[in-house]
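Worksheet: the structure to be examined is printed underneath.
The values are calculated or read from the model by the stated rules, or taken from the named source; none is laboratory data. This structure is a prediction, so every number in the text was calculated from the model and none was measured. Note that each Cβ is placed from the backbone with ideal geometry, even for glycine, and that neighbours are counted across all protein chains shown. All accessible areas refer to the heavy atoms of the entire protein, side chains included, with ligands and DNA or RNA removed. Shrake-Rupley method; radii C 1.70, N 1.55, O 1.52, S 1.80 Å.
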Amino acid sequence: MAQVLGGREEVVDDAWDAVTAVIRLDGTQFEPQALAGLDAFSHLEVVFHFDRVPLEKIETGARHPRGNTDWPLVGIFAQRGKNRPNRLGVSRCRLHRVDGLDLHVSGLDAVAGTPVLDIKPYMAEFGPRGDVHQPAWSTEIMRDYY
């Protein structure tokens with residue numbers, strides 16, 4: 001459907017906010033009209049494939065996030081690590097501009113060459129309703145992520 005161009009070449013856990021990249025739609029499947037109106041949104045939700053995770057690295061049980069034993073042992077579905085059973089990633093990023101089939105973004109935590117499976121406009125109404133809570137380790141792990 002699309003592919004990430006530019007940005008980081010290597011997977012690094014933190015400081016994604018300043019990373020700029022382009023999401024380029026496949027011109028054999030889409031015309032620029034597929035992106036009509038998307039430029040009215042400030043942010044996108046992007047679904048992508050962690051294609052660089054080898055099958056033997058997939059986690060199906062519990063682990064310490066980032067291998068840090070100071071954080072609790074938690075199941076793969078209680079964290080957002082890349083070694084997921086389905087190897088799907090979801091990221092919210094800022095949309096700077098639309099140019100033909102190119103989406104210029106920042107803060108997308110996917111590396112150059114990553115296959116993009118879907119792009120959605122981020123709408124505040126799809127954010128959480130009610131109070132949000134999370135464990136302290138997750139706040140700590142995300143401190144420098146963006």
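Structural remarks
- Fraction of accessible area attributable to carbon and sulfur, the chain (%, probe 1.4 Å): 51
- Distance between the pseudo-spin-label points of PHE126 and ARG52 (7 Å out from Cα toward the beta carbon): 2.6 nm.
- Within the chain, helix-based [θ] at 222 nm, where runs of 4 or more DSSP H residues each add -39,500 (n - 2.57), nearest 500: -1000 deg cm²/dmol
- Each of GLY61, ALA18, ASN83 was scored by the projection of its Cα onto the charge dipole of the chain, and the greatest displacement toward the positive side belongs to GLY61; charges sit on the C-beta of Lys, Arg, Asp and Glu.
- Compactness index (Cα Rg / 2.2 N^0.38 Å), the chain: 1.11
- For the pair the range 26-47 and the range 84-144, the centres of their Cα atoms are 15 angstrom apart.
- Max mean-square fluctuation residue, GNM over the chain, Cα-Cα springs under 10 Å, options HIS64, HIS96, HIS49: HIS64
- Karplus (6.51, -1.76, 1.60) ³J(HN,Hα), θ = phi - 60°, over the range 56-65, in Hz, Gly and Pro reported as x: 6, 9, 5, 9, 10, x, 10, 7, 7, x
- Stretching LEU38 away from SER106 to a fully extended chain increases their span by 22.9 nm, per 0.36 nm per residue minus the current alpha-carbon distance.
- A crude spin-label estimate for the pair HIS64 and ARG143, with each label 7 Å from Cα along the Cβ direction, gives 1.7 nm.
- Protein heavy-atom accessible surface, 1.4 Å probe, per residue over the chain: 61 Å².
- The eigenvalues of the Cα gyration tensor, multiplied by 5 and square-rooted, give the range 26-86 an equivalent ellipsoid with semi-axes of 35, 16, 8 Å from largest to smallest.
- Potential extension, ARG92-PHE77 segment - 0.36 nm per residue separation minus Cα distance: 3.5 nm
- Neighbours of TRP16 by Cβ distance under 10 Å: Lys/Arg scored +1, Asp/Glu scored -1, total -4.
- Accessible surface ranking that places the most exposed of MET1, MET142 first, with a 1.4 angstrom probe: MET142, MET1
- Most mobile of ASP118, ASP131, ASP13 in a GNM of the chain (Cα contacts under 10 Å): ASP131
- Just checking the listed ones, LEU25, LEU73, LEU38: in the Gaussian network model of the chain with Cα springs under 10 Å, the one fluctuating most is LEU73.
- Excluding the site residues themselves, the longest part of the chain lacking any trypsin sites (Lys or Arg not before Pro) in a DSSP loop with at most 13 other Cβ atoms within 10 Å is 53-128.
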